Amino acid sequence: MAEGFSLVDLGKLAEPINALITKIANAAGILYEPTRIRRKARAEADAELITATNQLKLNDLSRRALKRFIIEESIKQTNIENILDKTFPEISESADPSKLSNEWLLFFFERAKCASDNELQTIWAKILAGETNNHGSFSKSTLRILSEMSQEDATTF
């Protein structure tokens, strides 16, 4: 033991030592607290930045998807309107369009809307006019097969 201290003397110092240890611990905590707050704030700011960046990416992705969707649907709408423009002159005066089922028409336009070639649009127009003029002329199977054909195959057909 160090000179001048006895076990009895240490017993007398136990309370002040405990108080000193507590004081140092509190002081160290107080000294460390601003550092802890800054570190926590930086970590939270980093987390918010990561979240914001991911949301921007998602929003950017959503914007691109929406733009692509609008472009695709505009092309399909143009195709449908071109087909209809070619269909009307082919309709006979005796045609009864009320006989066309909505199901057949929906199926027709679902397949025909991708035809952007002028000759393919003419073929689709003749099919729509043919079905309008003579109900039951073209089955949905025929439409499905035509939609899978190349332009050359469809022209031959």
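The values are calculated or read from the model by the stated rules, or taken from the named source; none is laboratory data. None of these values were measured; they are calculated from a predicted model. Virtual Cβ from ideal backbone geometry, glycine too; neighbours counted across all protein chains shown. Please note that ligands, DNA and RNA were not included when accessible areas were found on the heavy atoms of the full protein model with its side chains. Shrake-Rupley method; radii C 1.70, N 1.55, O 1.52, S 1.80 Å.
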In whole percent, and with a 1.4 Å probe on the protein chains, what portion of the accessible area of the stretch 81-138 is carbon and sulfur?
49
Mind checking the stretch 61-157 for GluC sites (Glu not before Pro) that DSSP puts in a loop (not H, G, I, E or B) and that have at most 15 other Cβ atoms within 10 Å?
E93, E148
Added length on full extension, which subtracts the Cα-Cα distance from 0.36 nm per residue, L106 to D85
5.8 nm
Given K57/K113; K67/K99; K76/K140; K67/K140; K86/K140, which pairs have Cα atoms separated by over 30 Å?
K57/K113; K67/K99; K67/K140
